[in-house]
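S.K.: The structure under discussion is supplied below as structure tokens; questions concerning it will follow.
The values are calculated or read from the model by the stated rules, or taken from the named source; none is laboratory data. None of the values given here were measured: they were computed from a predicted structure. Positions of Cβ are backbone-derived with ideal geometry, glycine not excepted, and every protein chain shown enters the neighbour counts. Note: accessible area is taken over every heavy atom of the protein model, side chains too, but ligands, DNA and RNA are not part of it. Shrake-Rupley method; radii C 1.70, N 1.55, O 1.52, S 1.80 Å.
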Amino acid sequence: MPQLTSGPSSLAWAPDSKELVYSMAGSLWRQKLDSKEAVQLTDGPGYDYQPDWSPDGKSIVHTSYQKDAMELWLFDVASGKTTQLTSGGAVNLEPRWSPDGKRIVFVSTQYNKRFHIFRADVINGKLENVVRLTGETKSSLPRYYYSAYDMEISPVWTRDGREILFVSNRGHIHGTGGFWRMRAEPEAEAREIHYEETNWKARPDFSPDGSRMVYSSYLGRQRHNLWLMPANGGDAFPISYGDWDETNVRWSAGGKQIAYISNSSGNTHIQVMTIPGGKQGPLTVDSRKFIRPRTDFEILVKDESGSPASARVSVTDSVGRFYAPGNTWVYADDGFDRNERAFEAHYFHVAGNKYSAVSVPRGPITIEVARGYGRRPERRILNIGKDKPGDQIFKLRKLAALDSREGRWVSSDLHVHRNYGGTYKDDAQHLAAQADAEDVDIVNNLAVNKEQRFPDICQDEYLDGRDADDHLVEGQEFHTSYWGHRGILNLRDHLLLPGYAGYPNTAAASLFPMNADVYDMAHAQGALVGAVHPFDEEPNPFANPPQKITDELPLDVLLGKLDYMEIVAFSDHKSTAAVWYRLLNLGYRIPAGAGTDATANYAAPIRGMVGMDRVYTWVPAWPLNIEMWFDGFKRGRTFATNGPLINFMLDKEMVGSELKLDSPQNAVPFTARLRSVIPLEHLEVVCNGKVVQSLLPDGPKETADMSGTIPLKESGWCVLRAWSDKAEYPVMDNYAYATTSPVYVNVAGKKPSSPEDAKYFAAWIQQTIEATEKYPDWNSAEEKQGVMKKLREARKIYEGME
């Protein structure tokens with residue numbers, strides 16, 4: 001899917017090979033190779049992407065994202081008029097002209113909402129005779145991240161116009177697939193000419209003489225570079241060797257040059273290379289010629305003391321179209337309510353001590369500024385043309401203090417991927433700036449495998465990445481989807497390799513090592529290990545028909561190896577908390593953590609911005625010491641949140657502590673505090689899995705300081721939680737949610753007991769045993785025997801608690 005960027009994102013050559021058309025900032029632009037001026041061709045109302053120039057030079061076909069669909073449009077070069085080609089609300093992408101200029105092929109979801117290749121005739125500015133070229137097949141392969149249905153993307157015509165080449169995962173488990181050729185006719189037989197585990201970005205293009213193809217590949221590397229291969233398949237070799245991504249490559253009609261998108265500077269720009277020869281250089285943009293008159297203004301953000309501060313900024317016009325400085329990274333929140341806004345909430349970050357210039361058209365402009373969850377966001381409307389905008393200075397004020405004793409609440413996102421195969425090239429300095437703009441004190445950057453690589457690392461340098469102020473801590477996500485993903489925080493010596501298990505059709509197909517073994521390897525380095533993005537819905541081991549449950553979480557907890565859980569994460573917070581409560585009911589002490597699973601170099605992050613989900617840890621001294629922070633985190637002096645800030649004390653004990661009572665009590669005092677940037681409907685004290693007191697009987701509130709008493713009759717735990725009924729900007733999640741870690745309760749020295757929850761986990765592990773017993777790919781019988789023994793022993797222990 002195309003993503004909005006301030007720099008170029010896709011391109012095509014003019015038939016004379018003297019200029020390019022490209023998508024930039026949601027519009028189409030043209031630029032001659034010998035010019036430094038970009039000329040705007042389209043200007044909304046939506047966002048325009050993926051242009052392809054017709055062979056006769058008269059038309060440009062492209063994708064336009066408007067309302068809730070991506071449709072194909074035709075731009076007339078002479079008149080500047082656009083005509084809509086497709087309709088119906090599907091996703092229509094990657095249009096390509098046939099060599100004779102009479103037909104196009106494109107990707108569309110119009111058939112069963114899945115990606116297939118279509119062909120159409122272009123007659124008098126309209127699409128005629130639209131047909132689907134590729135069939136639909138449901139695969140029996142054990143795919144985890146990808147649909148069971150095969151997909152086809154990135155079509156391109158062979159130079160004789162008889163066949164098409166496309167990328168498909170037919171017959172493959174991992175990645176987006178290999179290269180296939182077929183006659184450009186419905187139901188024609190396709191043949192795979194080359195396979196490698198592509199990552200959405202191959203987008204091959206044939207040389208003008210039809211003998212070769214150029215494409216993007218990360219094969220054997222961490223980054224995408226350009227590769228050449230014979231047109232009918234064969235051995236490929238690279239023609240670029242950068243430590244950055246080079247994608248969306250296109251061959252000029254004259255055959256002497258290629259142009260592509262590079263992120264060598266971090267953001268995107270166009271590079272042009274001569275072939276053969278290899279001389280290359282950027283297509284520089286020094287000025288932009290806009291269709292509509294533009295007005296420039298600058299934005300500066302200050303904190304409550306008047307000092308310059310970093311922040312997140314969104315600038316939109318009356319139809320919701322977004323504007324940003326020409327050289328900044330643009331991001332988008334994919335999780336939004338289209339009833340509230342026409343498009344995703346796009347945003348960029350501004351740095352402290354630096355004005356950011358934005359160029360906007362005339363009319364109403366809305367500016368929204370936010371910085372984390374501890375300051376009140378600001379919203380301002382300007383009428384450009386009537387108002388003289390001048391410098392826009394925003395002063396963000398802190399919410400009322402949450403602290404209740406000496407020390408500070410220090411925030412951290414436990415789950416960030418600095419680079420994950422996205423649009424930009426992120427580095428430690430830029431990631432620190434992203435975190436600062438979101439008011440995140442500590443970022444845990446987790447290296448993780450993605451399509452045969454760890455795109456964030458050069459292994460011998462990775463663990464030297466912590467910066468001087470300890471704001472960036474390196475770790476790893478162990479990607480074993482069968483047993484459940486695990487976050488490894490503060491690795492000190494080396495990555496754990498291969499980094500995953502249970503990947504079918506690879507040398508890591510075996511289910512060994514289990515996560516239980518991974519914990520031992522991580523703890524040997526002094527790291528902490530936790531369950532990340534645990535559950536979208538609460539597992540039901542008693543379901544009929546039975547659910548397939550393989551997450552080994554109950555075993556990890558039983559062995560005392562789990563250091564934390566992401567309660568607020570890329571999952572459903574309430575469902576995850578329900579499982580957490582059951583474990584707490586059995587006496588296990590598990591701190592509440594939070595991690596976004598932020599893909600920090602994506603233009604449209606898979607989850608959200610750095611710090612969307614964060615955990616606050618109580619640190620009793622200052623300046624910040626990272627070991628002290630981790631000590632407090634491990635002790636459970638935390639609350640996890642995607643917006644609300646909360647604090648809870650039971651009697652005189654703070655979260656993570658134990659309250660000892662000599663006997664059952666009818667009235668134990670508590671205090672609860674809430675600070676929120678949006679009103680919340682629910683603030684509740686939960687003990688042993690049940691709500692014992694609701695604290696907002698008079699309706700939604702943003703601020704609350706409350707006290708009361710609750711009965712405590714048996715050993716267990718209590719937390720404070722806050723949540724909303726629905727999404728509300730600037731909390732960019734399905735709903736706002738926060739929870740403290742527990743205050744543990746010990747009544748008369750008795751241990752917590754919950755036979756019902758013990759029965760639940762015994763049944764859970766039984767489901768895991770039944771699934772694992774049938775698993776076919778083990779390196780040895782001894783591996784399987786060892787795994788099954790651990791599972792059976794764990795089930796027996798839970799059964800003994802019933």
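S.K.: Filter segment 153-163 for residues that are outside any loop (DSSP other than H, G, I, E, B) and in contact with a Lys or Arg (Cβ under 8 Å, 6 or more places away or on another chain); which is farthest from Asp100 (Cα to Cα)?
M.R.: Once the filter is applied, the top-ranked residue is Ser154.
S.K.: Within segment 485-507, which residues are under 19 Å from Met788 (Cβ atoms) and open to solvent by 10 Å² or more (accessible area, probe 1.4 Å)?
M.R.: Selection gives Gly502 alone.
S.K.: Return the only residue of Tyr146, Tyr241, Tyr215 being free of Cβ contacts under 8 Å to residues at least 40 places away in the same chain and outside any loop (DSSP other than H, G, I, E, B).
M.R.: Every option except Tyr215 fails the conditions.
S.K.: Right, another one. Do we find that Asp705 is acidic (Asp, Glu) and not in a strand (DSSP E or B) in this structure?
M.R.: no
S.K.: Applying the selection to segment 347-359, what residues are open to solvent by 10 Å² or more (accessible area, probe 1.4 Å) and in contact with a Phe, Trp or Tyr (Cβ under 9 Å, 6 or more places away or on another chain)?
M.R.: Within segment 347-359, His349, Ser356, Ala357, Ser359 qualify.
S.K.: For segment 86-112, name all the residues that are within 23 Å of Asn248 (Cα to Cα) and more than 25 Å from the chain's Cα centre (by Cα).
M.R.: Result: Pro95, Arg96, Trp97, Ser98, Pro99, Asp100, Gly101, Arg103, Ile104, Val105, Phe106.
S.K.: To continue, here is another question. Among the candidates Pro752, Pro711, single out the residue that is assigned to a loop (DSSP other than H, G, I, E, B), open to solvent by 10 Å² or more (accessible area, probe 1.4 Å), touching a residue at least 12 places away in the same chain (Cβ under 8 Å) and touching a strand residue (DSSP E or B) at 6+ places or on another chain (Cβ under 7 Å). Lay out the reasoning, then the answer.
M.R.: Working: Pro711 fails: assigned to a loop (DSSP other than H, G, I, E, B).
None of the other options fit; the residue is Pro752.
S.K.: On the given criteria, is Ser35 under 26 Å from Thr423 (Cα atoms) and out of contact with any strand residue (DSSP E or B) (no Cβ under 6 Å at 6 or more places or on another chain)?
M.R.: Details: under 26 Å from Thr423 (Cα atoms): yes; out of contact with any strand residue (DSSP E or B) (no Cβ under 6 Å at 6 or more places or on another chain): yes.
Criteria met by Ser35.
S.K.: Still on this structure, please answer the following. Mind listing whichever residues of segment 325-346 are open to solvent by 30 Å² or more (accessible area, probe 1.4 Å) and either under 24 Å from Ile270 (Cβ atoms) or modelled with pLDDT of 95 or more (or both)?
M.R.: Gly326, Asn327
S.K.: Within segment 788-795, can one find any residue that is in contact with a helix residue (DSSP H, G or I) (Cβ under 6 Å, 6 or more places away or on another chain), over 30 Å from Lys398 (Cα atoms), surrounded by 13 or more Cβ atoms within 10 Å (Cβ to Cβ) and in contact (Cβ under 8 Å) with a residue 60 or more places away in the chain? Step through it out loud before you land on a result.
M.R.: Of segment 788-795, the ones in contact with a helix residue (DSSP H, G or I) (Cβ under 6 Å, 6 or more places away or on another chain) are 791, 794-795.
If we keep only those that are over 30 Å from Lys398 (Cα atoms) too, we end up with 791, 794-795.
Checking the rest, the ones that are also surrounded by 13 or more Cβ atoms within 10 Å (Cβ to Cβ) come to 791, 794-795.
Still in the list and also in contact (Cβ under 8 Å) with a residue 60 or more places away in the chain: 791, 794.
Looking for residues that are in contact with a helix residue (DSSP H, G or I) (Cβ under 6 Å, 6 or more places away or on another chain), over 30 Å from Lys398 (Cα atoms), surrounded by 13 or more Cβ atoms within 10 Å (Cβ to Cβ) and in contact (Cβ under 8 Å) with a residue 60 or more places away in the chain, one finds at least one in segment 788-795, hence yes.
S.K.: Among the residues of segment 523-561, what is the count of those that are closer than 16 Å to His415 by Cα and open to solvent by 10 Å² or more (accessible area, probe 1.4 Å)?
M.R.: 4
S.K.: Anything in segment 21-44 that is not in a strand (DSSP E or B) and not β-branched (Val, Ile, Thr)? List them, or say none. Let's see the steps before the verdict.
M.R.: So in segment 21-44, the residues not in a strand (DSSP E or B) come out as 25-26, 33-36, 41-44.
Hits for segment 21-44 are Ala25, Gly26, Leu33, Asp34, Ser35, Lys36, Leu41, Asp43, Gly44.
S.K.: Here's another thing I want to ask about it. Residue by residue through segment 178-197, note down the ones that are surrounded by 15 or more Cβ atoms within 10 Å (Cβ to Cβ) and assigned to a strand (DSSP E or B).
M.R.: Those that are surrounded by 15 or more Cβ atoms within 10 Å (Cβ to Cβ) and assigned to a strand (DSSP E or B): Gly178, Phe179, Trp180, Arg181, Met182, Glu192, Ile193, His194.
S.K.: Still on this structure, please answer the following. Considering each residue of segment 1-43, count those that are farther than 17 Å from Gly326 by Cβ and touching a Gly at 6+ places or on another chain (Cβ under 6 Å), and give that number.
M.R.: Total satisfying the criteria: 2.
S.K.: If you go through segment 171-190 one residue at a time, how many are closer than 20 Å to Ala231 by Cβ and over 34 Å from the mean Cα position of the chain (by Cα)?
M.R.: Counting residues in segment 171-190 that are closer than 20 Å to Ala231 by Cβ and over 34 Å from the mean Cα position of the chain (by Cα) gives 6.
S.K.: Look through Arg362, Arg371, Arg397 and report the one residue that is basic (Lys, Arg) and buried (at least 23 other Cβ atoms within 10 Å of the Cβ).
M.R.: After ruling out the rest, the residue left standing is Arg371.
S.K.: Please go through (1) charged (D, E, K, R); (2) closer than 18 Å to Asn515 by Cα; (3) in contact with a helix residue (DSSP H, G or I) (Cβ under 7 Å, 6 or more places away or on another chain) for Asp757 and return the number of the only condition it doesn't satisfy.
M.R.: Among (1) charged (D, E, K, R); (2) closer than 18 Å to Asn515 by Cα; (3) in contact with a helix residue (DSSP H, G or I) (Cβ under 7 Å, 6 or more places away or on another chain), the lone unmet condition for Asp757 is (2).
S.K.: Those residues that are part of a loop (DSSP other than H, G, I, E, B) and crowded, with 20+ Cβ neighbours inside 10 Å, I need them from segment 247-266; list them, please.
M.R.: Once the filter is applied, which keeps residues that are part of a loop (DSSP other than H, G, I, E, B) and crowded, with 20+ Cβ neighbours inside 10 Å, segment 247-266 yields Ser252, Asn263.
S.K.: Could you run through segment 125-143 and say how many residues are assigned to a loop (DSSP other than H, G, I, E, B) and among the hydrophobic types (A, V, I, L, M, F, W, C)? Lay out the reasoning, then the answer.
M.R.: Within segment 125-143, the first condition is being assigned to a loop (DSSP other than H, G, I, E, B), and the residues that meet it are 125, 133-137, 139-143.
Restricting the remaining residues to those that are among the hydrophobic types (A, V, I, L, M, F, W, C) gives 133, 141.
Adding up the residues that qualify gives 2.
S.K.: I'd like the full set of residues that are part of a loop (DSSP other than H, G, I, E, B) and closer than 20 Å to Leu645 by Cβ, limited to segment 676-697.
M.R.: Residues satisfying the conditions are Glu681, Leu695, Leu696.
S.K.: When Pro623 is evaluated against the numbered criteria (1) free of Cβ contacts under 8 Å to residues at least 40 places away in the same chain; (2) closer than 30 Å to Thr772 by Cβ, which criterion, by number, is the only one it fails?
M.R.: Answer for Pro623: the failing condition is (2).
S.K.: Please determine, by comparing only the residues of segment 604-648 that are closer than 17 Å to Tyr735 by Cβ and either in a loop (DSSP other than H, G, I, E, B) or among the small types (Gly, Ala, Ser) (or both), which one is most open to solvent (accessible area, probe 1.4 Å).
M.R.: Arg607
S.K.: Looking only at residues in segment 714-745 that are assigned to a loop (DSSP other than H, G, I, E, B) and under 26 Å from Gly587 (Cβ atoms), which one is nearest to the chain's Cα centre (by Cα)?
M.R.: Within segment 714-745, the match that is nearest to the chain's Cα centre (by Cα) is Ser741.
S.K.: Test of understanding: among Gly220, Gly175, which residue is assigned to a loop (DSSP other than H, G, I, E, B) and touching a residue at least 40 places away in the same chain (Cβ under 8 Å)?
M.R.: From the options Gly220, Gly175, the qualifying one is Gly175.
S.K.: Just need a number here: residues in segment 205-220 that are within 24 Å of Asn505 (Cβ to Cβ) and open to solvent by less than 20 Å² (accessible area, probe 1.4 Å).
M.R.: Total satisfying the criteria: 4.
S.K.: Only strands (runs of 3 or more DSSP E) wholly contained in segment 267-314 count here; list those with 2 or more residues that are open to solvent by less than 40 Å² (accessible area, probe 1.4 Å) and within 21 Å of Lys354 (Cβ to Cβ).
M.R.: 294-302
S.K.: May I pose another question? Hey, does segment 568-581 have a residue that's among the acidic types (Asp, Glu) and either part of a strand (DSSP E or B) or within 18 Å of Thr740 (Cα to Cα) (or both)? I'd like the intermediate steps shown before the answer.
M.R.: Here is the first cut: in segment 568-581, the ones among the acidic types (Asp, Glu) are 572.
Still in the list and also either part of a strand (DSSP E or B) or within 18 Å of Thr740 (Cα to Cα) (or both): 572.
Yes, segment 568-581 contains a residue that is among the acidic types (Asp, Glu) and either part of a strand (DSSP E or B) or within 18 Å of Thr740 (Cα to Cα) (or both).
S.K.: Do the conditions hold for Tyr588, that is, is it within 22 Å of Phe630 (Cβ to Cβ) and crowded, with 23+ Cβ neighbours inside 10 Å? Show your work before the answer.
M.R.: Values: within 22 Å of Phe630 (Cβ to Cβ): yes; crowded, with 23+ Cβ neighbours inside 10 Å: no.
For Tyr588, the condition - within 22 Å of Phe630 (Cβ to Cβ) and crowded, with 23+ Cβ neighbours inside 10 Å - is not met.
S.K.: Oh, and also: Output yes when any residue across segment 655-672 is part of a strand (DSSP E or B), hydroxyl-bearing (Ser, Thr, Tyr), at pLDDT 95 or above and in contact with a helix residue (DSSP H, G or I) (Cβ under 9 Å, 6 or more places away or on another chain), and no when none is.
M.R.: no
S.K.: Moving on. It is to be established whether one or more residues within segment 730-739 are open to solvent by 70 Å² or more (accessible area, probe 1.4 Å), free of Cβ contacts under 8 Å to residues at least 12 places away in the same chain and not small (Gly, Ala, Ser).
M.R.: Scanning segment 730-739 turns up no residue that is open to solvent by 70 Å² or more (accessible area, probe 1.4 Å), free of Cβ contacts under 8 Å to residues at least 12 places away in the same chain and not small (Gly, Ala, Ser).
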